[in-house]
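J.: The structure follows.
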Amino acid sequence: MTLTTTDLLLEATGISKTYGAVVALHAASLAIRPGEVHALMGANGAGKSTFVKILTGAIRPDTGTITLRGRQRIAHSPGEARHSGLVPVYQEPSLIPDLDIRANLRLTETPIEPFRHWAGELGLDTLDLSSMARQLPLASLRIIDLARALAIDPDVLMLDEMTAALPANLTERVLEVIGRRRGGSKSVIFISHRMIEIASICDRATVLREGETVGVVDVTAGAEDQIVQLMLGQAISDMPAVGKGAGAGARASDVTPRLAARSLSARTKLHDVSFELRPGEVLGVVALEGQGQDELFDILAGSERPGGGELLVDGAAVSFRHPADAIRAGLVYVPADRAQALLMQRSVRENIALPFTARMRTWGLIRTRAEHVKVDAAIETLQIDTRAQGEVRRLSGGNQQKVTIARWVAGGVKTMLCFDPTRGIDIRTKHQIYLLVRDLAAAGAAVLLYTSELKEVQLVCDRAIVIFGGRVVAEIAAADADEPTLLRAAYNLKGDAAIPQLAAAEPGSGSVVAPVAQQEAN
Amino acid sequence: MGASTSRSGGGAAILAAVRRNAWTIGLVVFMALLLVFTKIIQPSYGAAGLQGLGSSVLPLALAAVGQAIVVISGGIDLSIGSMMALTSVVSATMMNEQPEEFAIVVVICVLFLGLAIGAVNGTLAVVTRVPDIVVTLAMSFVWAGCALLVLKTPGGGSAKWLLNLVTGSLGTEWIPRAAVLLIVVVAIIWIPLRRSRLGLSIYAIGSNRLAAFRSGVPVGRTRIAAYMAMGLFAALGGLSLTASTGIGTPVPGPYTLMSVAAVVLGGVSLAGGRGGVFGAVAAVIILQLIRSDITFLNINPNLAVVVQGVILIGVVMIGSLVQIRRARA
Amino acid sequence: MSGSASVQPTRASWASAAAWRGMFRDRPIVPLVGLLALMIVVIRIVQPDIISPGWVGVTFRAAIPLAILAACQTLTFLTGGIDLSVGAVASMSGFMVATLVGHQGLAVALLVPLLIAAIAGAVTGFGVGVFRVHPLIMTLGMSLVVLGLANVWQLIMVQTGGGVPPDLRTLGSATLGGILPYSLLVFVPLAAFILFLLRGTGYGRLLYAIGDNPIASRLSGVRSWQVLVVLYSLSAVLAAIAGFLYSGLTNVASVSLVDTAVLPSVAAAVIGGTSIMGGRGGFSGTIVGVLILTVLTSLLSSLGYPEAVRQILFGAIIVAVAAAYTRVTAES
């Protein structure tokens, strides 16, 4: 079963990359056979994105060799990688917003006819080449990006999370088109978090962990468990349980809800969302990507105004014009993207103390001692490693996330809105965050927690609401919220129907590739 | 059926093109209205007025074209005034008391000098990774200093035919030579550039640098190329200064900041990637027309500066207000 | 992550290079003061007789108004902005004082331009903060407006004459015992105020916060337009004060007096280590930056170099220092 180097289409061996003292990759390898769809897997922080950057020529490895069709080469730029036959498609399309599609094709020297063919295959047959990339919906742009890559017919096509947040019907088409490339002479590197997709189209999977290739798995029935095992490693078993139930007394339904939403709607994304969040409760929000949860949290945090519906805090109707209004009403927001939350060049202390001086009457003299007490207490509560506290950007991802939470803990939390707070951080920090959330609830705070990791619901939440297509489609008690149940609910499945069909039939998903005119009409 | 759809498709294409260039078209219409207005308030304004207008806007128009190219690429050049001063004094010194024919050599040399100093600006910005605004600000000192080294006080000379090139009219007296020159220069340099892959790349890196990089655009080289194109236009601007005044002046004029203002008024986004050079040229002409109208109206001429400032602020404010509203809608 | 991120002790040379890098990044003022000291040593070697108490006084006297203008740039840089209107505002206020003092008395003559500056600054702040106009464009437009209005004022006032009031001349140009310029009386409290503002007040924190990450600031409840309106008003008032000192220093009242100081003020803030992209820097570095530029000017003129050489060196130093900052503060 072993293959010699010449049989491989692409081979990367001994790739390492170090940033300062941080080792991003130290023994990564990848071997792609002709005609296969090969998954590249790894938990967040495993070095996947660094590996992708090296393969596509965005950065250079410190050591290691890359061979494509038997010819050794390391690309020095994405342009060079393209010319040697490796074309990537990313989650954010690399189309130039201010150029029309035709100019975008010229920029990458893509022939138009094959492009049209592939765009048609992918369900985009009415595309007007003179429309500006800026005016097209994101899903169309991704399809265009993929069609553009297919039109070149590259030796190796690399898809980096390109199906994320793509509507189900399009995802299906993409997978179908990708699957057709199996068995030929060209190959696909497929990167995705969705195990279902991996199982349906991939031949083999390479798994990275802590900068190292830890295994190559043939994707057959039941391979998922093996892949997950490799991704997690031996050291980490299942997560320890988190104590729950302390806030149970406050969850009686006769208590005035801390936060109540009544038929909230926003633009095209959110149609009718109602829920109640009671003091002492952790309410989970579950949704596939792009179902309106971003808009919901933006509204609750005061960043966006709702198109309709009503929002009540402690029984009184509120209307937020600015995040400051939401904060004053006790609603504090922890965004998923730490780059949105942190002052990267400033100290841990300044980051935590930022809300203290936000209001005009606190512009004056800083009461240093009082501030220190609060900040130190928050640092203590969250166990933030303050060795590199001069600049937040030098902290690890987990510590950064703790700082964004500490900012609100320091001032005392009434209602916390957490949007996927454990995204891309290590397991130990995750667990600390779970404990903290439970502690906050036990102390009477209310927490709304959106999570993309379904198992967190049972670990942390008291109950969960499921949003699909901008509507709340289910409410599930924590006891019943195991992963299969949540996933079925997230796909809005009833009974035992197969997953993709129903999702594809949902109204709204078809409009993603609507012509430009409709988009402009909005 | 087929014909009707194709016609409506063509109509839609025209409509889309109009919409895409709405700002530039609006500027040209406004410029025409201003010309009519000028004629009304000053009935004697005629061919001579147009010729004067042509030669007075030429240096700034060239600077604005150069600045527009850099701003489209996502940069900004605060040294363009100094570059014009340097190229102007170099050309004036070289042409001083030389035969007329020698001026052709001088023009070619100065154009190459423009390319070279543009390349220096661009290379420094790319290699040091210092923000463009800081690099070019620093280089504005350097080029102004170099201009002073070449010529301490205004002096030198210019070939007669160069002067004739930027003043007077061509064919009928209604077509200023300066306007023809401007159109020819832009047509020779900008239009082929705009249509080339390099031109696309310049727009691409200004619009979304990461996407451009991922699409295989050599970002560093393209930035340098944009600065070189700007250097070329700065050299042309410097030559036009020498030609129109007959001497070289080592002190930078107001061209740096005015070119930025014209570019913004011309519909080029300071964030890069959007707009074109024609809007910037129209904006230069409009600013000059306002200045002369205020003189004709016997209003304190200093108010012209105020009006220019108010227009700059007002237009940009309205523009960003529209954008904010559109983002909310 | 936790395992791979740990810092391994390696060769001593690397450690010391990193230590230097760290110092340059965290305390840029140390190498800057070193550079300044080096220049003074050079002056002592090439022109031993030039350094005298009088020279110190003259240097300070020239540096102080520039330092105030550079404060405007420092404060606006911190939020990711820039203030190109300082030249026009400063010239306008110097000129206004000279024309008003004859009829209205010194107090009114000083207050009126300060008030005008504050209004102009507030308008700028509204443009930047509420309408989100790029600060470069907004301040450029404002400088055209202020300059034009000053010119109109000049034409109106051309008959009344007037001149730089003697008190202002003393303040701007006289020195105590030939060493300490009286303008220190203005500068020391101002500098102390700015340093305190940046280090000890909530407002100062917000300047850094907005420049570092406007989205994070907004999500933390900061209404940045309020901060920016106050900032640009403050900047304009500082520019007006600098304008008083400039007219006192030169005994000239002209509407274009301070134009040539705008780019040096930007340069001083850059050399002083304040990032034009926002979120990093401070006023103490800027003061040293101003001194470096002023001493360099003095050195070159004492050596008989022409203005041209000074400008070229200015430019080269800005690029070199900015490149050094970019290198040491770059991520990873």
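None of the figures in this text is laboratory data; all of them are computed from the coordinates on show. Quick caveat: nothing in here was measured; it's all calculated off a predicted structure. Note that we place each Cβ from the backbone using ideal geometry, even for glycine, and neighbour counts take in every protein chain shown.
J.: Which of the DSSP-defined H helices in chain B satisfy a minimum axial length of 18 Å, computed from C-alpha atoms, and a minimum mean Kyte-Doolittle hydropathy of -1.0?
T.: Span-like helices in chain B: B:2-20, B:22-41, B:47-72, B:80-95, B:102-128, B:132-150, B:177-195, B:219-245, B:277-296, B:302-328.
J.: Ranked highest first by the average count of other Cβ atoms within 10 Å around their residues, in what order do C:291-298, B:281-288 fall?
T.: Top of the packing list down: B:281-288, C:291-298.
J.: Still on this structure, please answer the following. Please give the charge dipole size of the range A:110-226, origin at the Cα centre, charges +1 on K and R Cβ atoms and -1 on D and E Cβ atoms. Round to the nearest 20 debye.
T.: It comes to approximately 260 debye.
J.: Would you mind telling me the antiparallel percentage of the DSSP bridges in the protein assembly as shown, rounded to 5?
T.: Rounded to the nearest five, the antiparallel share is 55 percent.
J.: In addition: Using modelled backbone amide H atoms (1.01 Å from N, in-plane), which distant-in-sequence or interchain residues come within less than 5 Å of A:PHE468's amide H?
T.: Close amide H contacts, sequence-distant or interchain: A:VAL473.
J.: Sticking with this one: Before anything else, pin down the relative contact order of the range A:312-437: Cα pairs under 8 Å, at least 6 apart, normalised by residue count, whole percent.
T.: 38 percent
J.: Taking amide H positions as placed in the peptide plane 1.01 Å from N, state which residues far from C:GLY278 in sequence (5 or more) or on other chains have amide H under 5 Å from it.
T.: C:GLY80
J.: Counting alpha carbon pairs within less than 8 Å and at least 6 residues apart, what relative contact order, in whole percent, applies to chain B?
T.: 33 percent
J.: How big is the range C:212-332 in terms of Cα radius of gyration and Dmax, in angstroms?
T.: 17.5, 56
J.: Leaving out same-chain residues fewer than 8 places away, which lysines sit with a Cα under 24 Å from that of B:LYS160?
T.: Counting by Cα, and skipping residues close in sequence, B:LYS160 has these lysines nearby: B:LYS152.
J.: Can you tell me the 0 to 90 degree angle between the C-alpha axis of helix C:106-129 and the longest principal axis of chain C, rounded to 10?
T.: Approximately 40 degrees, to the nearest 10.
J.: Note down the relative contact order for chain C as a percent, whole number, built from C-alpha pairs under 8 angstrom at least six residues apart.
T.: With pairs under 8 Å counted, the relative contact order is 33 percent.
J.: Now for a different question. Please compute P(r) over all alpha-carbon pairs of chain C, binned at 10 Å starting from zero, and give each bin as a whole-number percent.
T.: In order of increasing distance, the bins hold 6, 24, 31, 24, 11, 3, 1, 0 percent.
J.: How far is helix C:202-212 tilted off the main Cα axis of chain C, in degrees rounded to 10, range 0 to 90?
T.: Roughly 60 degrees, rounded to the nearest 10.
J.: Whose amide H sits under 5 Å from the amide H of A:ALA39, counting only residues 5 or more places off or on another chain, with H placed in the peptide plane?
T.: Here A:PHE190, A:ASP203, A:ARG204, A:ALA205, A:THR206 satisfy the definition.
J.: On to the next question. Report ³J(HN,Hα) in whole Hz for each residue of the range A:443-460, in order, from the Karplus equation J = 6.51 cos²θ - 1.76 cosθ + 1.60 where θ = phi - 60°; Gly and Pro get x.
T.: 7, x, 7, 10, 10, 9, 10, 8, 9, 9, 9, 4, 5, 5, 4, 5, 5, 10
J.: If I fit a long axis through the Cα atoms of helix A:168-179 and take the longest principal axis of the Cα atoms of chain A, what angle between them do I get, 0 to 90°, rounded to 10?
T.: Rounded to the nearest ten degrees, it is 30.
J.: Right, here's the next one. Across peptide C:258-270, what mean number of C-beta atoms from other chains lies inside 10 Å of a residue's C-beta?
T.: So the per-residue partner count for this stretch is 2.
J.: Related question: Rounded, prolate or oblate: which fits the range A:298-341, taking a ≥ b ≥ c as square roots of the Cα gyration tensor eigenvalues, rounded meaning a/c under 1.5, else prolate when a/b beats b/c?
T.: Since a/c reaches 1.5 and a/b is larger than b/c, the shape of the range A:298-341 is classed as prolate.
J.: Taking neighbour counts of Cβ atoms within 10 Å as a proxy for exposure, in what order, fewest first, do C:SER233, B:SER201 appear?
T.: Taking fewest neighbouring Cβ atoms as first place, the list is C:SER233, B:SER201.
J.: Sort chain A into rounded, prolate or oblate with this rule: let a ≥ b ≥ c be the square roots of the eigenvalues of the Cα gyration tensor; rounded if a/c is under 1.5, and if a/c is not under 1.5, prolate when a/b is larger than b/c, oblate otherwise.
T.: prolate
J.: Same structure, new question: Dipole size in debye (nearest 20) for the range A:340-413 around its Cα centre, Lys and Arg Cβ +1, Asp and Glu Cβ -1?
T.: Here the range A:340-413 has a charge dipole of around 200 debye.
J.: Hey, another quick one. With unit charges on the beta carbons (Lys and Arg positive, Asp and Glu negative) and the dipole taken about the Cα centre of the range B:1-107, which residue among B:MET94, B:MET84, B:VAL29 sits farthest to the positive side?
T.: After comparing all options, I get B:VAL29.
J.: Sticking with this one: Nearest 500 deg cm²/dmol is fine: what mean residue ellipticity at 222 nm does chain A get from its DSSP H runs of n ≥ 4 alone, each adding -39,500 (n - 2.57), divided by its residue count?
T.: The per-residue figure over chain A is -9000 deg cm²/dmol.
J.: Dipole of the protein assembly as shown, Cα-centred, from +1 at each Lys and Arg C-beta and -1 at each Asp and Glu C-beta, to the nearest 20 debye?
T.: Around 1440 debye, computed over the protein assembly as shown.
J.: Picking from A:LEU40, A:ILE366, A:ILE196, whose Cα lies most toward the positive end of the charge dipole for chain A (charges on Cβ: Lys, Arg +1; Asp, Glu -1)?
T.: Checked the options; the winner is A:ILE366.
J.: Across the residues of B:194-200, average count of Cβ atoms on other protein chains within 10 Å?
T.: That average works out to 2.
J.: Give me a single rounded figure for A:343-351: the average over its residues of other chain Cβ atoms within 10 Å of their Cβ.
T.: 5
J.: Can you sort C:VAL89, A:VAL460 by how many other beta carbons sit within 10 Å, fewest first?
T.: Ranking C:VAL89, A:VAL460 by Cβ neighbours within 10 Å, fewest first, gives A:VAL460, C:VAL89.
J.: So how do C:258-270, B:28-40 stack up, highest first, on mean other-Cβ count within 10 Å?
T.: So the peptides C:258-270, B:28-40, ranked by packing, come out C:258-270, B:28-40.
J.: Using Stokes-Einstein with the Kirkwood hydrodynamic radius over Cα pairs, what translational diffusion coefficient do you get for the protein assembly as shown at 4 °C and a viscosity of 1.567 mPa s, in µm²/s rounded to a whole number?
T.: 39 µm²/s
J.: Here's another thing I want to ask about it. Any idea which of A:VAL282, A:LEU8, A:PHE115 is furthest toward the positive side of the dipole for the protein assembly as shown, if Lys and Arg beta-carbons carry +1 and Asp and Glu beta-carbons -1?
T.: A:VAL282
J.: Return A:HIS76, A:HIS38, A:HIS431, C:HIS134 ranked ascending by Cβ neighbour count within 10 Å, so the fewest neighbours appear first.
T.: Ascending number of Cβ neighbours within 10 Å: A:HIS76, A:HIS431, C:HIS134, A:HIS38.
J.: Further question: Take peptides C:318-324, B:256-262 and line them up by average Cβ neighbours within 10 Å, highest first, as a rough protection proxy.
T.: Highest to lowest by the protection proxy: B:256-262, C:318-324.
J.: Please give me the summed charge of the neighbours of B:MET230: other residues whose Cβ is under 12 Å from its Cβ, Lys and Arg +1, Asp and Glu -1.
T.: In short, -1.
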